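Just below is one structure, and these are the notes that go with it.
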Amino acid sequence: MYFGAAWYPEHWPEEAWAADVHKMAGIGFNVVRMAEFAWSSLEPQPGEYRLDWLERAIDLAAGAGLQVVLGTPSAAPPAWLTAADPETLAMDPHGQRLQHGNRAHYCVNSPAYQAAVGAIVSQLAERFGSHPAVIGWQIDNEYHRVCYCPVCRAAFQQALRRQFGDLETLNARWTTAYWSQAYTDWAQIPFPVGAHNPGLMLAAKRFVSESYRRFQALQIARLRPHLKPDDFITHNFFVWWEGPDPYSPAREALSQDLDFASWDWYIGQGHLDPVFSASAHDCSWGLRRRNHWVMETQPGTVNWAAVNNALSPGELRRMAWQAAAHGAEAVLYWQWRTMLGGQEQYHGALLDASGQERPFVQEIRQVAGEFAQASAALGGTHPKAEVALLNCYQSRAALTYQPHHRAFDYTTHLRHYYAPLLRGHIPAHILPPEAELAGYRLVIAPALHILTLGLAARLQAYVEAGGRLALTCRTGFKDEHNALWPLRGPGLLAELAGVEVEDYYALDEPVSVNADFFNGQATIWAERLRPRDETTHCLAVYGPEHGWLSGRPAISAHPYGAGWVYYVGAWLDDAAQASLVERLAAESQAAPLWAAPPEVEIGRRVGADGCPVYVVINHAGQPCSLDLPAPLEDILQGGTTTRLELEAQGVAVLAGLTW
Ligand code: GLA
């Protein structure tokens, strides 16, 4: 496990650096990230590169036993660049160029900006790519800005031309005869500001994602030839939050060219929500199906929340171990030391403005020791799961643009299926729809609203081969242009599912839903299902007092090929949802790891030898005892045990003696 912090030597006199790196090493850190915002220190004037200071900082870190991740500095351009060429600054939706002094405020499609970024990245790659202490690179920092400038708009129009070929096709796919939107010239097509034609909106999100992918690719192209074979290239994404703009780039498109995905984990106001963060870890891991990094996480507090409360004692340790439980290979805090100036003076850091350790650093020391103890056991292992949830950013975008019920949030709906699995100790992966599905006993595709012919064919093949596919409400309503299929839901998958959606209802009041294995209610959304053939089983029906839904099927199961397809037309209450997910997993033979209370989290990582390593976290405020499935080696406490005693907020790392 890598364990460390973000360090900004450029904020401090050089004579302070040695003490910093030795304090980090003294805490037990073994990695530090640098330079992602250092452009004005690295190139104070155009073409005048000052990289020696960074080499001295890297060497100091290396001398203290710290390995280094370098950031490319493209998220924060120097003043000489933005002043010389204001078109390098992004334009807001109102036509105003953003002001220098922020970050991520550049135009991603600006040729001048791309050239300047290429130059500085090449300098860094050539100078530090072979440095033995540099183990990896982070491209930029948290892509999210959407630029509304003429260059971006023209590039968008060219992208549409390439995609559609001719305006007749575009107008037909977007039904632009509606509201007299029809385009007679590519130059007429706007980059949408806020809500617009659904086809235009989804195309805009794809364009922004591809713009950042090209921007990222130009940096990767300059880095890769100079890196050592095992050096990695990653990016630190947000995860469930995509950014402030409806057209912010999608990590699913961007992560394809990275060795693995990293994410920045901040709780902000409030406290650890194990389901939210576990699902975020699994989403990050699932982007590349590779162990991910938590490139930044919260040391005590943030500074951008409404209330910047501190994490409570024990929370930081549970967070660190939850990351490891879900496949993270690194946890780094943002940041090492509170800077004296700048917009984040009040953000948490391990050292305060006086340079002294904050109280929670003792907990970080404890984790550092535990990570060191467990590293050998965790090395070479990755999360193993028999259940996969599909996370489709295009479906998410389409439903975000047109929720039809203000509470219909895509990621909340996905976590509604994920939570019972986590609490039921059934490991799950969260994958992009294009991921390989063979090997999963159960695939859950929450609200797969955008459904292409290709994806439908892949899901059909998965089911035909014996897979169990659970589809949920609003599946298959739209095509890749965000246009409705001229079909009833689940559209292309109706034959597989053995049902069709006769109609759908945004609920303004709950409706009862009853099955032989639960009695519950639906809120937010309900669909009236009609079986398409006699092999379709009805698993649940709406109660008698609900208008068009009364007595109609709410959930179905349908054999297809060697597999089964479930269709869940209702957004169930938590208890009913837990019963449903438990039933789906049981029928798929996706077994729980072992019996444990829901507030005890069990992560399983498996190595090439098949031997499991379990990370067990007691998120509860009271102790618990667990019978283990077999004698396991207690990595942190030593010895072998068949019964685990965990104190409140306790953590255990247990290695399987056999698989
Ligand atoms: C983001 C950025 C960091 C820092 C933190 C503060 O994650 O990547 O540079 O600003 O927010 O929470």
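Contact map, region 253-264: first residue more than 14 Å from H292 (Cβ to Cβ) and at pLDDT below 95, second residue more than 16 Å from the ligand (Cβ to nearest atom) and of a type in the set (D, E), Cβ cut-off under 8 Å, separation 6 or more or different chains; pairs are A253/E210.
Filtering T472, T411 for residues that are over 18 Å from G286 (Cα atoms), of a type in the set (S, T, Y) and touching a helix residue (DSSP H, G or I) at 6+ places or on another chain (Cβ under 9 Å) leaves a single hit, T472.
Among the residues of region 278-303, those that are closer than 22 Å to W137 by Cβ, polar (S, T, N, Q) and within 16 Å of the ligand (Cβ to nearest atom) comprise S284, T297.
When Q256 is tested against (1) within 16 Å of the ligand (Cβ to nearest atom); (2) surrounded by fewer than 20 Cβ atoms within 10 Å (Cβ to Cβ), just one condition goes unmet, and that condition is (1). For region 171-214, a residue qualifies if it is open to solvent by 70 Å² or more (accessible area, probe 1.4 Å), among the aliphatic types (A, V, I, L, M) and without any contact (Cβ under 8 Å) to a residue 24 or more places away in the chain, and exactly one does: A177.
Looking at region 635-653 only, could you name the residues that are farther than 16 Å from A325 by Cα, of a type outside the set (S, T, Y), surrounded by fewer than 19 Cβ atoms within 10 Å (Cβ to Cβ) and touching a residue at least 12 places away in the same chain (Cβ under 8 Å)? Within region 635-653, Q637, R643, E645, E647, A648 qualify.
When K228 is tested against the conditions (1) under 28 Å from V117 (Cα atoms); (2) part of a loop (DSSP other than H, G, I, E, B); (3) more than 22 Å from the chain's Cα centre (by Cα); (4) free of Cβ contacts under 8 Å to residues at least 12 places away in the same chain, the lone failure is (4). Would you call G243 within 15 Å of the ligand (Cβ to nearest atom), out of contact with any helix residue (DSSP H, G or I) (no Cβ under 9 Å at 6 or more places or on another chain) and modelled with pLDDT under 95? Judged against the criteria, G243 is a match. The helices (runs of 4 or more DSSP H) found entirely in region 367-475 that carry 3 or more residues being surrounded by fewer than 18 Cβ atoms within 10 Å (Cβ to Cβ) are 453-464.
Within region 304-337, track down each residue that is open to solvent by less than 10 Å² (accessible area, probe 1.4 Å) and within 13 Å of the ligand (Cβ to nearest atom). Result: L332, Y333, Q335, W336.
The values are calculated or read from the model by the stated rules, or taken from the named source; none is laboratory data. Since the model is a prediction, treat every value here as computed from it, not as a measurement. Here the Cβ is made from the backbone with ideal geometry for all residues, glycine too, and neighbour counts use every protein chain on show. Protein only, heavy atoms only, side chains kept; ligands, DNA and RNA dropped before computing areas. Shrake-Rupley method; radii C 1.70, N 1.55, O 1.52, S 1.80 Å.
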